[in-house]
Amino acid sequence: MSQARQNRALIIVNTDFCSSDSDGAFGTRRGAKREAEKLSKTLSRLNYKVKLMHNKTAKEIEDLYQQECCCEHGEYFVSIISSHGNEGVIFGYDSEPVKLTRIFQILSSEKCPVLSKIPKIFFIQACRGKEFDRGVVVECDSREPEPDCLSDYISIPPQTVVMFACSPGYVAFLNIFGSMFLQALLKVLEGEERHLALNRLMTRINWHVAFCCQARGTYEGCKEMPCFVTNLLQEVFPFSAPIVEEADGV
């Protein structure tokens, strides 16, 4: 009897940045590497074959997604991107932008038939602008999506879910202990909430970041509001596999 294909996960984390003239274009993202390593171990224990990549240029990031089109996949494909960003883009190690629409295009059914029927799940830890969320309580979003934001949503291919660390136009926070968003993701993946359907799991992440997290230091009191968009037609349970316990070292 043939063995079932394993789910795949691609984690890209950029912590150090340079430009063509060798000057640092962005600040160092302290805490991001250790956080990504924890996510890699957790996903491995949930039956994912994980590829963890550090400090990749814009071109190398595109190439990594191209490579996924040639791989054998299980029931789900998960990708986590942790980098500097702006609305609609994330930045490579070389400080060059990668449009999210480009990544989605690479994995579309036309370009990547092997993933056409497999749910593709993205978690994106990156700023989407320069505004700071002061944490006012409202019953609906206080900001309309900008035109570029809408085009990003429209470009998301079928069977795809994208969860962003923050709302359009706002910054996403990171410190030496990690980010509000990915720490919340880790929390649910390591607990019983991982058995929830994906849309409910993401709503739990929203709640945890909105009500249990706020910035310290220079940005004391500032908040963050993750959001997600999905075009799945059914509930999926991508993290409900039994945890594989690690063997003790000898």
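The listed residues Tyr93, Tyr76 rank as Tyr93, Tyr76 when sorted by accessible area, largest first, using a 1.4 Å probe. Residue-normalised convex hull volume from the C-alpha trace of segment 53-110: 89 Å³ per residue. Packing, as the average of other Cβ atoms within 10 Å across residues, places the peptides 232-243, 173-184 in the order 173-184, 232-243, highest first.
Placing dummy labels 7 Å off each Cα toward the beta-carbon, the span from Glu75 to Gln234 is 1.0 nm.
When the Cα convex hull of segment 1-131 is projected onto planes of every orientation, the mean area is 8.7 nm².
If the cut-off is 24 Å between C-alpha atoms, which lysines fall inside it for Lys38, apart from same-chain ones fewer than 8 positions away? Straight-line reach from Lys38, under 24 Å: Lys49, Lys51, Lys56, Lys120, Lys187, Lys223.
The values are calculated or read from the model by the stated rules, or taken from the named source; none is laboratory data. Computed from a predicted structure; not experimentally measured. In this analysis, Cβ positions are derived from the backbone assuming ideal geometry, glycine residues included, and neighbour counts consider all displayed protein chains. Surface areas here come from the heavy atoms of the whole protein model, side chains and all, with no ligands, DNA or RNA. Shrake-Rupley method; radii C 1.70, N 1.55, O 1.52, S 1.80 Å.
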